[in-house]
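Visitor: Here's a structure for you.
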Amino acid sequence: METDELRSFKGPFAGIKTTPELLRDVITTPAGITEEKEAELEAWTQKNAGWMYGGL
């Protein structure tokens, strides 16, 4: 999940600058859609980042 893309978002994030401050929304928005627990989704996101970037 990326939060620092140069292109603008569409939909509910339209007009919001894409910065790391959106990280909380990167977790809460998909969790609301999939009905997953935010803590679970956050843990998987952190694990994925670690796998991709070498052990974050």
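The values are calculated or read from the model by the stated rules, or taken from the named source; none is laboratory data. Here the structure is a predicted model, which is why all the values come from computation and not from measurement. Cβ placement follows ideal geometry from the backbone for every residue including glycine, while neighbour counts extend to all protein chains displayed. Keep in mind that these areas ignore ligands, DNA and RNA; they rest on the heavy atoms of the full protein, side chains included. Shrake-Rupley method; radii C 1.70, N 1.55, O 1.52, S 1.80 Å.
Visitor: Looking at region 15-33, is at least one residue at pLDDT below 80, in contact with a helix residue (DSSP H, G or I) (Cβ under 9 Å, 6 or more places away or on another chain) and of a type in the set (S, T, N, Q)?
Guide: No: zero hits.
Visitor: Now, a different point. Taking region 29-44 only, how many residues are touching a Leu at 6+ places or on another chain (Cβ under 9 Å) and surrounded by 13 or more Cβ atoms within 10 Å (Cβ to Cβ)?
Guide: Step one: of region 29-44, the residues touching a Leu at 6+ places or on another chain (Cβ under 9 Å) are 30-31, 34.
From what's left, surrounded by 13 or more Cβ atoms within 10 Å (Cβ to Cβ): 30-31.
Residues flagged as touching a Leu at 6+ places or on another chain (Cβ under 9 Å) and surrounded by 13 or more Cβ atoms within 10 Å (Cβ to Cβ) within region 29-44 amount to 2.
Visitor: Here is a follow-up. Mind listing whichever residues of region 4-54 are touching an Asp or Glu at 6+ places or on another chain (Cβ under 9 Å), among the hydroxyl-bearing types (Ser, Thr, Tyr) and free of Cβ contacts under 8 Å to residues at least 12 places away in the same chain?
Guide: The answer is THR28, and nothing else.
Visitor: Also: Can you name every residue in region 10-56 that is part of a helix (DSSP H, G or I) and of a type in the set (A, V, I, L, M)?
Guide: Start the filter on region 10-56 by keeping residues that are part of a helix (DSSP H, G or I), which leaves 11-13, 20-34, 38-53.
Result: LEU22, LEU23, VAL26, ILE27, ALA31, ILE33, ALA39, LEU41, ALA43, ALA49, MET52.
Visitor: Kindly establish whether MET52 is at pLDDT below 80 and open to solvent by 50 Å² or more (accessible area, probe 1.4 Å).
Guide: Judged against the criteria, MET52 is not a match.
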